[in-house]
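J.: Provided herewith is a single structure, encoded as structure tokens, for subsequent inquiry.
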Amino acid sequence: MAPVVQIKDIHKIYESGEIPVHAVRGVSLDIHKGEFVALMGASGSGKSTLMNMLGCLDRPTKGTYKLDGIDVSDLDKNELADIRNQKLGFVFQGFNLLARTTALENVELPMLYGRHRRLSAGQIRERAMHCLEIVGLANRADHMPNQLSGGQQQRVAIARGLVNEPQVLLADEPTGNLDSRTSIEVMGVFQQLNDQGISIVMVTHELDIAHYCKRNLILRDGVVVRDEAVPNRSIASNELGKLKSAEAAAKLIANPVN
Amino acid sequence: MRFTTIFRVALRALRRNTMRSILTALGIIIGIGAVITIVSMGNGAKARVEAQVAALGQNIITVYPGSFSSGGTRGGFGSAPTLTVEDAEAIAAEVEDIDGVSPEVRDRNQVLANGLNWSTNINGESPDYPYIKNWNIVQGAMFTDQDVKSLAKVAVIGKTVVDQLFPNEDPIGQTLRIRNLPFRVVGVLDVKGFSLFGSDQDDVVIIPYTSHMRRVSRRSNISSILVQGKTSDKLDVVKSRIEDLLNQRRKGREPDFTVRTQEEIAATATETSKTMTLLLGGIAVVSLVVGGIGVMNIMLVSVTERTREIGIRLAIGAHDRDVLLQFLIEAILLTVLGGILGILCGIGASEFASAYFGLPTLISPTSVLLAVAVSTVIGVFFGYYPARKAAQLDPIDALRYE
Ligand SMILES: Nc1ncnc2c1ncn2[C@@H]1O[C@H](COP(=O)(O)OP(=O)(O)OP(=O)(O)O)[C@@H](O)[C@H]1O
Ligand SMILES: [Mg+2]
């Protein structure tokens, strides 16, 4: 089967500053349906730049990108918007939820644009609610982002990324601001989605988080320096179980002291 | 995005900054309010002028002495004492399609009665006068042709004169003295109010023109000639017939008279109020433009403030058209709501003006519809640029915006 994401010798040069920054220098990559990729690398190595190009938010300076067989470099602004809306889900580095808008409405947003605009308000609501359930936030549907914790906001952002049933979910440091327990919870959601066949590409700095993925890519100075499968990857539900018993044990020990 | 959704989003954005929205709309509120008030006052004034013009009588032609077109220095109307009773008689005898003629002799004089005195207008007229001026006699009757022939000392008086000289009695049959000559009051005129030019039309004593010329003013010329035309469509024809006749009578001398129809006189009167309305309307338009610029300014601020929001919407799949509409509708909503408030304020101000200052006002539905249309156009015009700016943002740049 053809890969969902197929990039060939992709480059990105930022011309905005005084000296041009060559942020991505020839990356070629195939990602198939059902893959779960972690993108790692030092700060400034070009991870976000690559993710933005994968997410059709930014155009490569050079190279080709075929998403689901479509060459996206030929598409205009609005066609790219439709691609982002229908084939991709994007979880941004800093959540990027609409302020003063409830969690539910944030999740509904992608359905208000693109082909789903034909759905009735009730159907849209129902589908958004379903996605909030997937990330375990149904009980926070009418909360505003500033009434949610960082991890909850991140999960709302994931629900928003899911709502149009994308082929690829792209997440830039989805666990960057979260404690380890919440991180594992988010990875649990990802693994669950991945099991349902959604391809996922995520950026992370943390090795143990990358260990939940099926494939690890390491980027250095805009080139892929390592690309390997993860042997016996961590399973979030198991790790969460372990964490719980460890916490319980800690409490058992700590309690007599108090 | 669906239209209703865009509408809801725009409304919510405005509500989020209620105070700012109100202040922004204030320019439009004031502008539209001013337009509504001015137009309603203009309409009211026009209606009043029209009523006054109608009260002047209909299809009247007036012949004034003096002329615009005599060469050299030119006096105003009436500067040359050139009209005679014979001119008036000739018009009455020879011009077709007329219904009445009154030679007018005008003067101001002291009038005495009952030991009271009052300075008033003494007008010499023919018995046709009340008919020509469309002016009823409410008590007694007009003097007759016989009175004119016999230089009778009879008078028909206006309401103001009645109030001043006969405050507590029936004026009919009473005597008033002009230049020490006793005149018998035979009739009282209906109340007419102020003229187009602001004078009290009821402050008048009307006597036969012959009596006026021989006994009171002792002059041989008349002040003007009032002619009643039969129908309005023949008025211009009648006017030129009168001009031809008078020229003929002057045997090739330069014309020393001016003939004017009622319409021409009324046009001058309405002209002033029209100019006033135009001027104030101009000011209102300026304030609307200023208000529109205020809307544009705030929309630009709003677009900048919400760059991230725009970035999120674009990243998630909004087309440029969706963003454009969102901000455009926000601007239109702002101006239309401002417009509606402005209409309400304008109606309030007009009501206030007519209630407390006695200014006539008339709110026309057209001006209300026009105000709504104008505020929509302002919204589109001044909202388009900021909205287009928002729509042209690049999603990645907008997301990175701090
Ligand atoms: N808009 C831009 N204009 C100019 N240079 C940029 C721009 N965005 C990124 N860069 C440069 O491109 C390089 C790669 O940046 P990028 O954001 O992709 O790094 P990253 O791997 O995501 O880093 P981090 O882990 O800190 O998020 C950096 O050197 C950065 O300075
Ligand atoms: Mg980054």
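The values are calculated or read from the model by the stated rules, or taken from the named source; none is laboratory data. Owing to the predicted nature of the structure, the values given are computational and were not obtained by experimental measurement. We place every Cβ from the backbone using ideal geometry, glycine too, and count neighbours over all the protein chains shown. Surface accessibility is based on the protein's heavy atoms, side chains included, excluding ligands, DNA and RNA. Shrake-Rupley method; radii C 1.70, N 1.55, O 1.52, S 1.80 Å.
J.: From the list A:R215, A:R181, which residue is under 29 Å from A:V27 (Cβ atoms) and out of contact with any Ser or Thr (no Cβ under 9 Å at 6 or more places or on another chain)? Outline the logic, then answer.
T.: Details: A:R181 fails: under 29 Å from A:V27 (Cβ atoms).
So the residue among A:R215, A:R181 that is under 29 Å from A:V27 (Cβ atoms) and out of contact with any Ser or Thr (no Cβ under 9 Å at 6 or more places or on another chain) is A:R215.
J.: Of everything in segment A:155-182 that's within 16 Å of ligand 1 (Cβ to nearest atom) and not in a strand (DSSP E or B), which residue is nearest to A:I209 (Cα to Cα)?
T.: As a first pass, look at segment A:155-182 and keep what is within 16 Å of ligand 1 (Cβ to nearest atom): A:170-178.
Within this subset, residues satisfying the condition of being not in a strand (DSSP E or B) are A:173-178.
Numbers: A:E173: 10, A:P174: 10, A:T175: 8, A:G176: 10, A:N177: 13, A:L178: 12 Å.
Result: A:T175.
J.: Okay, next question. Can you name the condition, by its number, that A:K8 falls short on among (1) open to solvent by 30 Å² or more (accessible area, probe 1.4 Å); (2) within 16 Å of ligand 2 (Cβ to nearest atom); (3) farther than 19 Å from A:L169 by Cα?
T.: (2)
J.: Within segment A:33-55, how many residues turn out to be among the aliphatic types (A, V, I, L, M), away from chain B (no Cβ under 14 Å) and either more than 8 Å from ligand 1 (Cβ to nearest atom) or part of a strand (DSSP E or B) (or both)? I'd like the intermediate steps shown before the answer.
T.: Filtering segment A:33-55 down to residues among the aliphatic types (A, V, I, L, M) leaves A:37-40, A:42, A:50-51, A:53-54.
With the extra rule that they be away from chain B (no Cβ under 14 Å), the set shrinks to A:37-40, A:42.
Applying the additional criterion that residues be either more than 8 Å from ligand 1 (Cβ to nearest atom) or part of a strand (DSSP E or B) (or both) yields A:37-40.
So the count comes out to 4.
J.: If you take the residues of segment B:320-354 that are closer than 12 Å to B:I29 by Cβ and of a type in the set (A, V, I, L, M), which of them is farthest from the other protein chains (Cβ to nearest Cβ)? Lay out the reasoning, then the answer.
T.: Step one: filter segment B:320-354 for residues closer than 12 Å to B:I29 by Cβ, giving B:334-346, B:348-349.
Now restrict to residues that are of a type in the set (A, V, I, L, M): B:334, B:336-337, B:340-341, B:343-344, B:349.
On the way: B:L334: 19, B:V336: 23, B:L337: 21, B:I340: 26, B:L341: 25, B:I343: 31, B:L344: 30, B:A349: 37 Å.
Of everything passing the filter in segment B:320-354, B:A349 is farthest from the other protein chains (Cβ to nearest Cβ).
J.: Could you tell me which residue of segment A:96-125 is nearest to A:E185 (Cα to Cα), considering only residues that are open to solvent by 30 Å² or more (accessible area, probe 1.4 Å) and outside any helix (DSSP H, G or I)?
T.: Among those residues, the one meeting the criterion is A:A99.
J.: Go through A:D82, A:D76, A:D30, A:D58 for me and flag whichever is away from ligand 1 (no atom under 13 Å from the Cβ), surrounded by 15 or more Cβ atoms within 10 Å (Cβ to Cβ) and among the acidic types (D, E). Give the steps one after another, and end with the answer.
T.: Numbers: A:D76 fails: surrounded by 15 or more Cβ atoms within 10 Å (Cβ to Cβ); A:D30 fails: surrounded by 15 or more Cβ atoms within 10 Å (Cβ to Cβ); A:D58 fails: away from ligand 1 (no atom under 13 Å from the Cβ).
Just a single option satisfies the conditions, and that option is A:D82.
J.: May I pose another question? Can you pull out the residues in segment A:93-125 that are over 25 Å from A:S48 (Cβ atoms), facing another protein chain (nearest Cβ under 10 Å) and in contact with a His (Cβ under 8 Å, 6 or more places away or on another chain)?
T.: Matches in segment A:93-125: A:I124 only.
J.: From the list B:F3, B:F7, exactly one residue is surrounded by fewer than 20 Cβ atoms within 10 Å (Cβ to Cβ) and either at pLDDT below 85 or under 30 Å from B:I222 (Cβ atoms) (or both). Which is it?
T.: On the way: B:F7 fails: either at pLDDT below 85 or under 30 Å from B:I222 (Cβ atoms) (or both).
Every option except B:F3 fails the conditions.
J.: Just to be sure before I move on: is B:T304 more than 30 Å from the chain's Cα centre (by Cα), more than 14 Å from every other protein chain (Cβ to nearest Cβ) and open to solvent by less than 10 Å² (accessible area, probe 1.4 Å) in the structure I sent? Lay out the reasoning, then the answer.
T.: On the way: more than 30 Å from the chain's Cα centre (by Cα): yes; more than 14 Å from every other protein chain (Cβ to nearest Cβ): yes; open to solvent by less than 10 Å² (accessible area, probe 1.4 Å): no.
So B:T304 does not fit the description; no.
J.: Need the failing condition index for A:A81 against (1) assigned to a helix (DSSP H, G or I); (2) within 11 Å of another protein chain (Cβ to nearest Cβ); (3) modelled with pLDDT of 90 or more; (4) more than 23 Å from A:M51 (Cα to Cα), just the number.
T.: Here A:A81 meets the rest and fails (4).
J.: Restricting segment A:220-244 to residues that are under 17 Å from A:I200 (Cα atoms) and of a type in the set (A, V, I, L, M), which is surrounded by the most Cβ atoms within 10 Å (Cβ to Cβ)? Can you show your working first?
T.: First, the residues of segment A:220-244 that are under 17 Å from A:I200 (Cα atoms): A:227-230, A:233-236.
When the remaining residues are screened for being of a type in the set (A, V, I, L, M), the result is A:229-230, A:235-236.
Working: A:A229: 10, A:V230: 16, A:I235: 13, A:A236: 19.
Result: A:A236.
J.: Against the condition of a type in the set (V, I, T) and at pLDDT 85 or above, how does B:T84 come out, does it pass?
T.: On the way: of a type in the set (V, I, T): yes; at pLDDT 85 or above: yes.
It is true that B:T84 is of a type in the set (V, I, T) and at pLDDT 85 or above.
J.: For segment A:11-23: of the residues being within 14 Å of another protein chain (Cβ to nearest Cβ) and in contact with a Ser or Thr (Cβ under 7 Å, 6 or more places away or on another chain), which is farthest from ligand 2 (Cβ to nearest atom)?
T.: This residue is A:K12.
J.: Are any of the residues in segment B:207-219 of a type in the set (A, V, I, L, M, F, W, C) and more than 30 Å from B:V154 (Cα to Cα)?
T.: Taking every residue of segment B:207-219 in turn, none turns out to be of a type in the set (A, V, I, L, M, F, W, C) and more than 30 Å from B:V154 (Cα to Cα).
J.: Hey, which of the helices (runs of 4 or more DSSP H) in segment B:128-224, taking only ones fully inside, have at least 1 residues that are among the aromatic types (F, W, Y)? Steps first, answer last, please.
T.: Working: elements: B:129-133, B:145-149, B:159-165.
Once the helices (runs of 4 or more DSSP H) in segment B:128-224 are filtered for at least 1 residues that are among the aromatic types (F, W, Y), what remains is B:129-133.
J.: Filter segment A:126-136 down to residues that are in contact (Cβ under 8 Å) with a residue 12 or more places away in the chain and surrounded by fewer than 21 Cβ atoms within 10 Å (Cβ to Cβ) and give me whichever is nearest to the other protein chains (Cβ to nearest Cβ).
T.: First, pick out the residues of segment A:126-136 that are in contact (Cβ under 8 Å) with a residue 12 or more places away in the chain: A:127-129, A:131-132, A:134-136.
Applying the additional criterion that residues be surrounded by fewer than 21 Cβ atoms within 10 Å (Cβ to Cβ) yields A:127, A:129, A:134, A:136.
On the way: A:R127: 15, A:M129: 18, A:I134: 18, A:G136: 22 Å.
Out of the qualifying residues, it is A:R127.
J.: Can you name the number of the only condition in (1) farther than 19 Å from B:S217 by Cβ; (2) open to solvent by less than 10 Å² (accessible area, probe 1.4 Å) that B:E125 fails?
T.: Answer for B:E125: the failing condition is (1).
J.: Test of understanding: among B:G317, B:G383, B:G311, which residue is farther than 30 Å from B:N43 by Cβ, within 14 Å of chain A (Cβ to nearest Cβ) and touching a residue at least 40 places away in the same chain (Cβ under 8 Å)?
T.: Details: B:G317 fails: touching a residue at least 40 places away in the same chain (Cβ under 8 Å); B:G383 fails: within 14 Å of chain A (Cβ to nearest Cβ).
Testing whether each residue is farther than 30 Å from B:N43 by Cβ, within 14 Å of chain A (Cβ to nearest Cβ) and touching a residue at least 40 places away in the same chain (Cβ under 8 Å) leaves just B:G311.
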